[in-house]
1. Of all residues in the stretch 57-102, which are of a type in the set (Asp, Glu) and not in a loop (DSSP other than H, G, I, E, B)?
2. In the stretch 248-275, which residue that is free of Cβ contacts under 8 Å to residues at least 40 places away in the same chain and not in a helix (DSSP H, G or I) is most open to solvent (accessible area, probe 1.4 Å)?
3. Could you say which residue among Glu180, Glu190, Glu236, Glu201 is open to solvent by 20 Å² or more (accessible area, probe 1.4 Å), part of a loop (DSSP other than H, G, I, E, B), out of contact with any helix residue (DSSP H, G or I) (no Cβ under 9 Å at 6 or more places or on another chain) and among the acidic types (Asp, Glu)?
4. So His115 passes all but one of these: (1) under 25 Å from Lys258 (Cα atoms); (2) assigned to a loop (DSSP other than H, G, I, E, B); (3) not hydrophobic (A, V, I, L, M, F, W, C). Which condition number does it fail?
5. Look at Lys5 and say whether it is farther than 26 Å from Leu350 by Cβ, open to solvent by less than 50 Å² (accessible area, probe 1.4 Å), of a type in the set (D, E, K, R) and at pLDDT below 95.
6. Across the stretch 26-75, which residue is farthest from Gln326 (Cα to Cα) among those that are among the polar types (S, T, N, Q) and open to solvent by 50 Å² or more (accessible area, probe 1.4 Å)?
7. Checking the conditions here, which among Asn322, Asn309, Asn371, Asn302 is on the phi < 0 side of the Ramachandran plot, surrounded by fewer than 17 Cβ atoms within 10 Å (Cβ to Cβ) and not basic (Lys, Arg)?
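The values are calculated or read from the model by the stated rules, or taken from the named source; none is laboratory data. Owing to the predicted nature of the structure, the values given are computational and were not obtained by experimental measurement. FYI the Cβ positions are ideal-geometry reconstructions off the backbone, even for glycines, and counts take in every protein chain you see. Accessible surface areas use protein heavy atoms only, side chains included; no ligands, DNA or RNA. Shrake-Rupley method; radii C 1.70, N 1.55, O 1.52, S 1.80 Å.
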Amino acid sequence: LFILKHANKILNKKGGAALTSIVIMAGGKGERFWPKSRINLPKQFLSLTDDGKSMIQHTVERAKSLVDIENVYVVTNEMYKNLVLEHVPDIPDENIIIEPVAKNTAPCIGLAAMHIAKKDINSKMIILPSDHLIKFNEIFIDTLKTALDVVEKGDNLVTIGITPNYPETGYGYINFTKGESFKDSANVYEVLRFVEKPNLEKAKEYLTSGQYLWNSGMFVWKASTILKNFKEYLPEIYEGLQKIGESIGTKKYEEVLKKEFSNLPSESIDYGIMEKAKNIYVIPGNFGWDDVGSWLSLERINKTNQDGNVINGNVISIRTKNSIIQGNEKLIATIGLEDIVIVDTDDVTLICHKDNTQEVKEIISNLKICNRNEYL
């Protein structure tokens with residue numbers, strides 16, 4: 001793998017093989033992990049696993065299994081640039097792409113595509129969120145390699161779907177079938193449609209049918225291909241991106257970026273392109289994926305004790321079962337609790353039933369209404 005990576009790097013410098021670039025989206029606020037995830041330290045920079053590494057560090061390590069760090073890009077906002085450098089000190093400074101404002105995933109990905117196209121229009125791009133965890137890294141890398149092969153064979157757009165193991169209502173789904181284009185490829189399927197988050201009854205139907213995957217938000221394509229799709233399906237965004245692209249490497253870049261990017265409409269890549277484009281393929285992923293979407297995720301990614309609790313910090317628990325308790329130096333003592341989440345920080349303590357963890361955003365909304373920004 002080491003030899004192949006460096007051979008590709010040499011070939012690219014000589015004008016041969018196209019680069020593979022990995023783009024990590026790291027601008028989110030991670031509000032469902034409040035109160036540990038805050039505006040100045042969002043989820044992707046938190047350590048939520050026993051090894052002490054942050055989410056973005058895990059993501060970059062996986063990326064470096066496939067490409068050199070010089071071909072890893074992080075898209076984030078100005079506030080988090082220093083955090084990115086702190087967590088990923090070996091990334092080239094110019095590979096941190098700054099969004100002046102948050103505009104959802106389509107402008108984010110389009111901006112990265114413009115930067116990569118400036119170096120190599122035929123570069124293959126892998127798009128990864130910064131705050132997902134993968135249990136089986138080798139299987140994950142093999143899945144991405146399969147996707148790169150599909151991309152190499154034409155103007156194809158590939159998404160990585162996750163094989164569902166329960167009827168989840170919090171994810172979008174991908175309906176797929178075995179088409180003619182890659183009929184000899186065992187693990188490559190044509191996308192029939194993208195489906196919004198279903199109710200429980202629909203989710204059970206999708207699970208039983210075996211024809212639906214969870215939408216992971218991971219994509220693979222060429223820079224040239226995704227920019228063609230921007231031009232066709234999101235022309236307003238494409239026009240702004242073109243102006244930004246022309247300014248890359250010039251003294252006017254920051255000025256043009258701020259002006260043009262701020263005027264782009266907010267749009268998701270799923271709705272703006274993937275639901276409309278042709279040549280969409282999906283590869284099922286069975287590599288132990290978790291989007292770590294709420295405090296409940298800690299039960300899936302960490303070991304529980306004999307009482308089914310996930311405990312971190314200075315904690316004494318008596319007759320406490322199936323609970324998540326996250327603290328620091330201050331002693332947390334519990335008696336007779338079950339199915340409870342407790343998260344204690346220096347200035348905030350969250351206590352809720354496990355059934356209500358998705359409602360943390362309601363607290364954040366209330367804090368905003370009351371102008372209690374010091375807790376955000």
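1. Within the stretch 57-102, Glu61, Glu70, Glu78, Glu86, Asp93, Glu94, Glu99 qualify.
2. By that ranking, first place goes to Lys251.
3. None of the others qualify; the one that does is Glu180.
4. Every listed condition holds for His115 apart from (2).
5. yes
6. Taking the stretch 26-75 first, the residues among the polar types (S, T, N, Q) are 37, 40, 44, 47, 49, 54, 57, 59, 65, 71.
Narrowing the set further to residues that are open to solvent by 50 Å² or more (accessible area, probe 1.4 Å) leaves 40, 47, 57.
Working: Asn40: 19, Ser47: 12, Gln57: 21 Å.
Per the criteria, the residue is Gln57.
7. Working: Asn322 fails: on the phi < 0 side of the Ramachandran plot; Asn309 fails: surrounded by fewer than 17 Cβ atoms within 10 Å (Cβ to Cβ); Asn371 fails: on the phi < 0 side of the Ramachandran plot.
That would be Asn302, the only listed residue that is on the phi < 0 side of the Ramachandran plot, surrounded by fewer than 17 Cβ atoms within 10 Å (Cβ to Cβ) and not basic (Lys, Arg).
For every residue, the table says whether it meets (1) at pLDDT below 95; (2) more than 24 Å from the chain's Cα centre (by Cα).
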| site | (1), (2) |
| --- | --- |
| Lys278 | yes, no |
| Ile283 | no, no |
| Asn286 | yes, no |
| Ser294 | yes, no |
| Leu298 | yes, no |
| Ile301 | yes, no |
| Asn314 | no, yes |
| Thr320 | no, yes |
| Ile325 | no, yes |
